[in-house]
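J.: Please read through the structure below; I'll follow up with questions.
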Amino acid sequence: MRFQLLGPLEIHSGGRQVPVAADKQRTVVATLLAARSRAVPVADLVNEIWGAHLPTSAIPNLRTYVMRLRRGDPELAGRLTTAPAGYLLRVEPDELDVRIFEDATEAGRRAMAQGDARTAARAFDHALAQWRGGALQDVPLGRALNEFAQAMEEQFARAVEDHATAALALGEHREVVDRLRPFVERHPLRERAYARLMLAFYRCGDVHGAIRVFHRARDVLREELGIDPGSELCDLLQSVLGRAPELDASQPGPRGAVSRPVPRQLPPSPALFVGRAAELGRATAALHTGPGPAVVAIHGTGGLGKSALALRAAHAIADRFPDGQLYADLQGARPGLPPLPSHEALNRFLRALGVDRHRLPQAEAEAAALLQSLLADRRVLVLLDNASDASQVRPLLPAGRGCATLITSRTVLGTLDAQQVGLGELGHGDVVRALARQAGEARVAREPEAVGAVARACAGNALAVRIVGARLAERPDLPIARLGERLRRLAEWRAGDLDLRACFEASYETLPATAATALRLLAARGPADLGVGPVAALLGSDAPTAEAALDELVRARLLDAEGERSFRMHRLVRLYAAELPSAEPRATRTAMFAHGV
C-alpha cells in the first residue's frame, strides 16, 4: 500500500486509489497516519474532528467513520485495528510519503556532512519529489493536524534550502536561481534561502542580481518583522561587494560551513498562546546576539507557561541562527524522573552536529570542550528546557559569539551570566481569552459570570487554564458553572496528559523533609500569616530552621516571597498541598527516585 499526506490525502492499494470522500473520514485517516503506527486515543480523534463543537454522538459517529474506511478496502481493514485506548493504522516506513521524505532529507544531510554533494543532491531530489502540494491539502485540520502540517511545511522549506546548498556545491548555479526565485516569493521571511539565492546569482556572474536579493530581503524583514537582516546575509553582502575569493564556485557555500549538519530540533511553536507580550519582547530582544553569546533564563512557578514562552521566542528568531537550533528537555520538572545528566545532553548535541556515536568523548569535560569547538564559528540557538539547576546547564552553554541560549527553569539560575525573565500569573483577561479560544466564543459569552469564576479558580496558571479549556472542549454539554463547582477538588484538575498534581509534585519531590512538613502544615493552616515566627511555631523549631524551610519552599516555587519575612502560597499550590499524605510515602518515592527505580 501507499499513503500520501504531502499534498491531497491519498491511499493506494493494489493499483487503485481507495476513496476517502468525507471530510471527517479524511481527518481520521490523517490523524492515524501522522501517529506513525501508534495508537491514537478516541478522545484525541474526536477532539481533532470536532474541536470545541463536540456532538453527543461523537463516539458512535467515529465508529461509523472507521467502519466505512474498513469497508473501502480489505487490506486497509486489516491494518486499521482497534487498540485498548483507540485506533491504530499500521503503515510500513516505505509506504508513507512523510517517512520517505524525512529519511531522504536525513540521508542528504549526512552526505553533505561527508562532503558528498552529488549523493546529497540525489537524496534531496527524492525527498522533494514526495511533495504534490501543501501538506494535508484537502484535509480539515484540527489543532494537532494543523501543528503537524506546519511542521511538515517547515521541513519542506529546509529541504529546499539544503537542496540548493548541494546544488551550489555542484556548480548548478543557474538551476538554484530558477528554483529559489519562486520559493522566496512564497516564503519571504527565510533568510537562509535568500543567502543561497544571493550566492547563486553571484556565481552566475550577476553581482547586481545578488545585491537586489539582499535589498528585497531587507525590505521584507523590515516591513513584516521590524528587523534588519541577520549577520549571514549582511556578511554575504559585504563579501559580494568585495568580490571575496571564498565566494568562488570551488567553495561549498557562504562561509564554507554549509556542508556541516544543520540540526533543527525545536518542537512546534505552541498554537494556544495568549498574553506575555512584555516577557516575549524581553526574551527575543536579549537573544539578538551582541559582542558575546546571549543567554536568557526564564523562571517561574510550575505551570505558568515557561516552555511555551521559550518556544514562541525561539521560533520567532530561529531564522537568525542559520547553523541550526538544538533542543533538550533536561527533565528538571518531571515527577518520578531524574534530571537528565549533562553528559547525556552533550552527547545528544554532538550527535546532532555530526559526531559519530562511536567517537563521543567518555568524559563530560571532553564532551563539553568538543561542543565548544564545533560551535565556535557557528550561529546556533540552544534551548534548554526544564533545567534543574545551574550546574546542569553550565556545560551546555556555547561560548561562540554567534550563538545564543534560552533556558527555562522553576528556580532562578542566579549564578549564570544570563538575562533573567521572570514569569508571573496570567492576567484575568488573558485567561478568559484562552478559555474562549478552547471552549468557543459563543459558549463563553453565554455564561460570563461562570467564566469569570472559573478564570479566577485558574489563578493565572497557564497549565490550569489549558486543563479547564480542554475539559470544556471535551464536554460541550457541561455548564461552565457546574465545572467551576467541581474544580474545588484537586482530582478535577486533569485532562488527558495534563495534570496539575503532577506539576506541583515535581517540585515537592525535591524538598528536604523539614520544608515538606512546613508546606503541609501551612496548607492545613489556611491563608494566614506565613512569616518566620508562625512557621517556627508550626514546626516546633527555632527561627533559623523555619527560615531555611521557607527558603527551600521559595526556591522550589511552592511559596512566593512578598518581602524579607513575608510569604504567600498560591491558591492552587494550597489545594495540592492540602491533600498531601504523610511524609512516609514521599520518602519512599524520593528514595526510589534517587536510586533510579
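The values are calculated or read from the model by the stated rules, or taken from the named source; none is laboratory data. The shown structure was predicted, so the numbers you read here are calculated from the model rather than taken from an experiment. Cβ atoms come from the backbone with ideal geometry, glycine included; neighbour counts cover every protein chain shown.
J.: Could you please let me know if Arg351 is surrounded by fewer than 19 Cβ atoms within 10 Å (Cβ to Cβ), among the basic types (Lys, Arg) and in a loop (DSSP other than H, G, I, E, B)?
T.: no
J.: I'm checking my understanding of the structure. Among residues of the stretch 213-240 that are assigned to a helix (DSSP H, G or I) and in contact with a Phe, Trp or Tyr (Cβ under 8 Å, 6 or more places away or on another chain), which one is surrounded by the most Cβ atoms within 10 Å (Cβ to Cβ)?
T.: Across the stretch 213-240, the extreme among qualifying residues is Val213.
J.: Just to be sure I understand the filter: pairs with C-beta atoms under 8 Å, separated by 6 or more residues or on different chains, first member in the stretch 209-227 and over 18 Å from Val177 (Cβ atoms), second member among the β-branched types (Val, Ile, Thr) and at pLDDT below 90. Which pairs pass?
T.: Cβ pairs passing all conditions: Leu221/Ile227.
J.: Looking only at the stretch 550-564, decide whether some residue is at pLDDT below 80, surrounded by fewer than 19 Cβ atoms within 10 Å (Cβ to Cβ), β-branched (Val, Ile, Thr) and closer than 29 Å to Gln331 by Cα.
T.: The answer is no, given that none of the residues of the stretch 550-564 is at pLDDT below 80, surrounded by fewer than 19 Cβ atoms within 10 Å (Cβ to Cβ), β-branched (Val, Ile, Thr) and closer than 29 Å to Gln331 by Cα.
J.: Please give the helices (runs of 4 or more DSSP H) falling wholly within the stretch 35-125 in which 1 or more residues are among the basic types (Lys, Arg) and more than 28 Å from the chain's Cα centre (by Cα).
T.: 58-72, 74-79
J.: Another one. Among the residues of the stretch 226-246, which ones are at pLDDT 85 or above and either closer than 16 Å to Leu168 by Cα or of a type in the set (Val, Ile, Thr) (or both)?
T.: Listed by number, the residues that qualify are Leu236, Val240.
J.: Here's something else I'd like to know. Filter the stretch 5-18 for residues that are of a type outside the set (Asp, Glu) and out of contact with any helix residue (DSSP H, G or I) (no Cβ under 6 Å at 6 or more places or on another chain); which is surrounded by the most Cβ atoms within 10 Å (Cβ to Cβ)?
T.: Ile11
J.: Still on this structure, I have one more. For the stretch 361-383, name all the residues that are in contact with a helix residue (DSSP H, G or I) (Cβ under 9 Å, 6 or more places away or on another chain) and at pLDDT below 85.
T.: Asp377
J.: Output the residues belonging to the stretch 420-429 that are touching a Leu at 6+ places or on another chain (Cβ under 9 Å) and either in a strand (DSSP E or B) or free of Cβ contacts under 8 Å to residues at least 60 places away in the same chain (or both).
T.: Correct list: Gln420, Val421.
J.: Hey, any hits in the stretch 406-429 for a residue that's buried (at least 16 other Cβ atoms within 10 Å of the Cβ), over 20 Å from Ala286 (Cα atoms) and among the polar types (S, T, N, Q)?
T.: no
J.: State all residues of the stretch 294-342 that are acidic (Asp, Glu) and either in contact with a strand residue (DSSP E or B) (Cβ under 9 Å, 6 or more places away or on another chain) or assigned to a loop (DSSP other than H, G, I, E, B) (or both); if no residue qualifies, say none.
T.: Asp323, Asp329
J.: Just to check your reading of the model, which residue among Leu54, Leu80, Leu69, Leu62 is touching a Leu at 6+ places or on another chain (Cβ under 8 Å) and closer than 21 Å to Gly496 by Cβ?
T.: Being touching a Leu at 6+ places or on another chain (Cβ under 8 Å) and closer than 21 Å to Gly496 by Cβ holds for just one of Leu54, Leu80, Leu69, Leu62, which is Leu62.
J.: Scan the helices (runs of 4 or more DSSP H) fully inside the stretch 448-524 and keep the ones with 3 or more residues being over 28 Å from Phe567 (Cβ atoms) and touching a residue at least 60 places away in the same chain (Cβ under 8 Å).
T.: By residue number, 462-474.
J.: Does Ala149 qualify as being aliphatic (A, V, I, L, M) and closer than 25 Å to Arg379 by Cα?
T.: No.
J.: Still on this structure, please answer the following. Would you mention how many residues in the stretch 56-88 are touching a residue at least 60 places away in the same chain (Cβ under 8 Å) and surrounded by 12 or more Cβ atoms within 10 Å (Cβ to Cβ)?
T.: Here the count works out to 4.
J.: Okay, next question. Report the residue count in the stretch 404-419 for those that are out of contact with any Ser or Thr (no Cβ under 7 Å at 6 or more places or on another chain) and part of a loop (DSSP other than H, G, I, E, B).
T.: So the count comes out to 8.
J.: Here's another thing I want to ask about it. Taking Ala345 as the residue in question, decide whether it is in contact with a helix residue (DSSP H, G or I) (Cβ under 6 Å, 6 or more places away or on another chain), outside any loop (DSSP other than H, G, I, E, B), of a type in the set (Gly, Ala, Ser) and crowded, with 22+ Cβ neighbours inside 10 Å.
T.: Criteria met by Ala345.
J.: Taking the condition of being modelled with pLDDT of 85 or more, touching a Ser or Thr at 6+ places or on another chain (Cβ under 9 Å) and on the phi < 0 side of the Ramachandran plot, how many residues in the stretch 327-337 meet it?
T.: Total meeting the criteria: 3.
J.: Another question, then. Could you please let me know if Glu175 is part of a helix (DSSP H, G or I), surrounded by fewer than 20 Cβ atoms within 10 Å (Cβ to Cβ) and free of Cβ contacts under 8 Å to residues at least 12 places away in the same chain?
T.: The answer is yes for Glu175.
J.: Follow-up question, since we're still on this one. Quick check on my filter: what residues within the stretch 178-196 are aromatic (Phe, Trp, Tyr) and buried (at least 23 other Cβ atoms within 10 Å of the Cβ)?
T.: Tyr194
J.: Filter the stretch 430-447 down to the residues that are assigned to a helix (DSSP H, G or I) and either in contact (Cβ under 8 Å) with a residue 24 or more places away in the chain or charged (D, E, K, R) (or both) and list them by number.
T.: Asp430, Val431, Arg433, Ala434, Leu435, Arg437, Gln438, Ala439, Glu441, Arg443, Val444, Arg446
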